[in-house]
Each structure stands twice: as structure tokens, then as C-alpha cells.
Amino acid sequence: MILIVDSGATKADWIALDEHGNKLFVTKTLGLSPEVLTKEIIRERLTNNFELYKHRKEVTQLFFYGAGCGTERMRKFLGDIFKEYFTSARIKVKEDTYAAIYATVDPDQQAIVCILGTGSNCSYWDGKELFQKVTSLGYILMDDCSGNYFGRQLLRDYYYHKIPEKLASKFSDEYDLDEDSIKNSLYKEPNPNTYLATFARFLIQNKDEEYSQVLIRKGMQLFIDNAISQYEQAKEVPIHFIGSIAYYLQDELQQVFKDNGLNLGKVLRRPIDGLVDYHKSILFDDE
């Protein structure tokens, strides 16, 4: 059995294939980012999934692409957990950027590939190798235009009384905005980045409001200025996106790209289907 996984900070998509490339099952877990989770929490999330627990000894190969897997230390940390859990499997752990590349970029194509989900990142693919000019320092200092960025801005603007009154009232009706609750979720509970990203749904649902449009365009311009513009090829190659923020705000993204003279490529919510096709082409093309 072969497992192919795309894991963001919030959730992970799992697809199991048999030795001929036929789909056996599809399942989900909560995200497995090694940067913000302990070994115990990761094992718990694996064990709580019935399909994974039932088939854990049958897995022969695991291809895992995840948020928080950008360093060798994090890849080894997560890989060691998988080796203990999927005892018969060969394990390959890569950062989620590779999943985005394999799902969006045509063979030998040069492109800039971005992720806008709970977090954000941006890389250049020259057709064979991945290049990243910026090392992410995580959700507190970076992650422009991500779900947690927009959630953070919404909370700040709400408490600074910068959201229009009618929209602010709607915001408080939909979320628990009690200051103690917010502080507890940010400073005492696990996954504060995921917590912040939950507020981005409100921005998307109310994206036509003038306040929302200003905030959305500000976040997108920051991402272009701080991430995309790092690459001298930015105006020469397509720029692909993966993630729910990019997917649900692609009309705004298209306009901001037009204003900046950039070429918007593919925009996918999740890369898992393209990722499976990529692995099937490698593993089973000779059959």
C-alpha cells in the first residue's frame, strides 16, 4: 500500500493506492506540522484516524508533503514518528512546496509557486530544482496574505475600532471575541496560527465590503513585495497558487496581479489530486 499525503497546518489529505495505482481509500486528519506539534499530538492524530490505524502495518511507501517541513531537523523529527507508526514503510518527507509544484507545474516548466493557506510561502522552480530566497520565520513575523495574517489583522482592527460598525457587529456575532478567550487561544492552546486562520472565513464571506477589499489588497501587495518580488523572473514566468485563501480570493488576486504586471497561473484549493497523478506517473508508467 502506498500513502500520499498533503498536509497543511490545519488539515491533511491522505490517499492510499494499491501496487497498481488503484485508489483504495481517501481520508483526512488534522494537520501534522512538526513546527508546532509535539510527538504525542502527532501520534494521537494518526491513531484517531480509523483507516490509518487499521492499515498502518500494510503501508510500504509513504510520501508526505507538509507545512513546517522546510528544514532537515523537522523532516527527520516527523519521519522518525512515521517510521514508528508505519513499521513496514519507506518514508519520504518533503515540505509542502513540492506538493504545490508537482500539482501545478508542467514538466520542465519554469514557474513561481506560492502557497496561501493557513500560512504562506513562495518558491521558484527552474524546471528541475527548487529555490527559496526567503527563510520563513513563521506566523508571528511572516506569512503575509495567509489565513493567519488576515485573522490577525481582523482581530487587531476590531480591537482598535477600525472595522466599520455594522461589519464589526456582524463579526462579533459570529465569533467569540472575548479578550480572555482570544488570549487563551493564542498563548495557552496549541496551534495559535490555525486559530488565527479561522477568522479569515469571515473576510472571505464579506469580501465585497469596502473594508474587506482594502485589507485583502493590502495583504496581497505585501506578499508580492516581500515574497514574489524576490525573484528576478517574476514578470517572465507564470505564478501558480495553492491554498484556500488564493482559491477563494482569486478574483482579487487576478486584479492585483494585473496592477503589478504579473502573470497569474493555476489557482488550486488543494494539490492532492495533482500530487497523486504525479506519483502514479512515476511509479506506474512502466506497467
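A short reminder: the numbers here are calculations on the coordinates, not readings from a lab. None of these values were measured; they are calculated from a predicted model. Note that we place each Cβ from the backbone using ideal geometry, even for glycine, and neighbour counts take in every protein chain shown.
Values for this structure:
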| item | result |
| --- | --- |
| Likely footprinting exposure, R152, R201, fewest C-beta neighbours within 10 Å first | R201, R152 |
| Alpha-carbon centroid distance for the pair region 165-202 / region 55-81, whole angstrom | 31 |
| Cα-based helix-to-principal-axis angle, 165-174 vs the chain, degrees rounded to 10 | 30 |
| Gyration tensor verdict on region 1-119 (Cα atoms; rounded if a/c is under 1.5, prolate if a/b is larger than b/c, oblate otherwise) | oblate |
| Stretchable slack from I140 to D225, in nm (0.36 nm times residue separation minus alpha-carbon distance) | 28.8 nm |
| D277-Y187 FRET efficiency (beta carbon distance; Förster radius 51 Å; 0.05 resolution) | 0.75 |
| Neighbourhood charge, 13 Å Cβ-Cβ cut-off, centred on N226 and excluding it, Lys, Arg +1 and Asp, Glu -1 | -1 |
| Sparse-neighbourhood loop sites, GluC sites (Glu not before Pro) in region 118-178 - DSSP loop, at most 15 other Cβ within 10 angstrom | E129 |
| Packing-based ranking, highest mean first, of 272-281, 178-187 given that Cβ atoms within 10 Å are counted | 272-281, 178-187 |
| Simple label model, 7 Å out from Cα along Cβ direction - I41 to E165, nm | 4.0 |
| Total formal charge among the other residues, if their Cβ is under 14 angstrom from that of G265, Lys/Arg +1 and Asp/Glu -1 | +1 |
| Surface/4 of the Cα convex hull for region 107-268, nm² | 9.7 |
| Size of electric dipole in region 107-268: Cβ of Lys, Arg +1 and of Asp, Glu -1, about Cα centre, debye, nearest 20 | 140 |
| Förster-model FRET efficiency, 25 Å R0, K207 and K235, C-beta, rounded to 0.05 | 0.40 |
| Estimated 222 nm signal from helices in the chain, with DSSP H stretches of n ≥ 4 weighted -39500 (n - 2.57), rounded to 500 | -13000 deg cm²/dmol |
| Virtual spin-label span in nm between E51 and S172, 7 Å along Cα→Cβ | 4.3 |
| Linear extension gain, T198 paired with N22, 0.36 nm per residue minus alpha-carbon span | 59.9 nm |
| Cα centre as origin, Lys/Arg/Asp/Glu Cβ charges: the chain dipole, Debye | 540 |
| Simple Cβ-charge dipole of region 114-166, Lys/Arg +1 and Asp/Glu -1, about Cα centre, in debye nearest 20 | 140 |
